[in-house]
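Step one of this worksheet: look at the structure below.
The values are calculated or read from the model by the stated rules, or taken from the named source; none is laboratory data. As the structure is a prediction and not an experimental result, all values here were calculated from the model. Positions of Cβ are backbone-derived with ideal geometry, glycine not excepted, and every protein chain shown enters the neighbour counts.
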Amino acid sequence: MKTIAFLLHNNFEQAEYEEVKNKLEDKGYKTVLITTNDEKQVQAMQQDVNKGDTFNADMFAKEANIEDYDALVLPGGTVNADTIRGNTDAHKIIKAANDADKILAVICHAPWALINTGIAKGKTLTAYHSLQTDLENAGATYVDKTVQVDGNLITSRNPDDIDNFVDAIDKALSN
């Protein structure tokens with residue numbers, strides 16, 4: 001059974017974690033929640049402004065070994081994504097996943113982490129529309145599509161794209 005890790009902090013977009021997780025589990029994948037937070041309990045947000053549910057992470061980012069996972073998913077949420085893009089432990093995991101050519105699936109505001117880790121440069125990516133200039137300034141080509149695949153990178157724009165995002169992850173892991 002293939003295992004997919006989710007990496008997040010707090011104030012992540014609930015649908016981009018919970019719906020993606022549930023749909024991937026329905027397809028037979030095992031999922032693990034990794035956090036950069038100081039506590040294992042993490043807070044979700046709904047539409048970036050309303051508090052959502054809380055979830056319990058399986059482990060802290062500093063304990064995670066990317067070799068244990070077949071893919072890494074980065075949910076969005078503005079505050080979560082902004083925190084992840086500046087977190088050293090998150091950068092280590094994200095870079096390790098990319099260096100190992102693991103599937104790196106990133107949605108909404110989470111492509112900020114691809115900018116801060118240097119992964120975005122030279123890639124064709126999609127993201128929440130407000131990241132277009134950031135991605136282009138980082139040397140990426142921005143496209144406005146529900147899902148964009150560039151090598152091991154899978155990017156999507158927002159919660160409306162979750163079905164296509166999950167399908168792209170499943171297709172990449174089935175190859």
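The table below lists the values:
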{"item": "Positions within region 92-112 being within 12 Å of the chain's Cα centre (by Cα) and over 14 Å from S156 (Cα atoms), in sequence order", "result": "I93, I94, A97"}
{"item": "Single residue of N50, N65, N87, N80 found to be within 11 Å of T117 (Cβ to Cβ) and not hydrophobic (A, V, I, L, M, F, W, C)", "result": "N87"}
{"item": "Residue that is surrounded by the most Cβ atoms within 10 Å (Cβ to Cβ) [pool: residues in region 37-87 that are closer than 22 Å to L24 by Cα and of a type in the set (S, T, N, Q)]", "result": "N80"}
{"item": "Residue identified as within 21 Å of N158 (Cα to Cα), touching an Asp or Glu at 6+ places or on another chain (Cβ under 8 Å) and not charged (D, E, K, R) among A71, A44", "result": "A44"}
{"item": "Candidates I119, I115 - the one that is under 20 Å from D70 (Cβ atoms) and among the aliphatic types (A, V, I, L, M)", "result": "I119"}
{"item": "Looking only at region 147-163, and only at residues there that are within 13 Å of the chain's Cα centre (by Cα) and part of a helix (DSSP H, G or I), the one that is nearest to V73 (Cα to Cα)", "result": "I162"}
{"item": "Residue pairs meeting the criteria (Cβ under 6 Å; at least 6 apart or on separate chains; first β-branched (V, I, T), in region 1-18; second part of a helix (DSSP H, G or I) and modelled with pLDDT of 95 or more)", "result": "I4/L24"}
{"item": "Residue that is farthest from P75 (Cα to Cα) [pool: residues in region 24-56 that are under 15 Å from the mean Cα position of the chain (by Cα) and of a type outside the set (V, I, T)]", "result": "L24"}
{"item": "Residue match in region 83-96 (condition: of a type in the set (S, T, Y), touching a residue at least 60 places away in the same chain (Cβ under 8 Å) and under 24 Å from V147 (Cβ atoms))", "result": "no"}
{"item": "Selection status of G139, in contact with a helix residue (DSSP H, G or I) (Cβ under 6 Å, 6 or more places away or on another chain) and either assigned to a loop (DSSP other than H, G, I, E, B) or surrounded by fewer than 20 Cβ atoms within 10 Å (Cβ to Cβ) (or both)", "result": "no"}
{"item": "Residues of region 1-33 satisfying the condition of being out of contact with any strand residue (DSSP E or B) (no Cβ under 8 Å at 6 or more places or on another chain) and either surrounded by 17 or more Cβ atoms within 10 Å (Cβ to Cβ) or not in a loop (DSSP other than H, G, I, E, B) (or both)", "result": "E19, N22, K23, D26"}
{"item": "Subset of region 93-122 (residues that are buried (at least 18 other Cβ atoms within 10 Å of the Cβ), of a type in the set (A, V, I, L, M) and farther than 18 Å from V20 by Cα)", "result": "I93, I94, A97, A113, L114, I115, I119, A120"}
{"item": "Breaking point among (1) without any contact (Cβ under 8 Å) to a residue 24 or more places away in the chain; (2) not in a loop (DSSP other than H, G, I, E, B), for D144", "result": "(2)"}
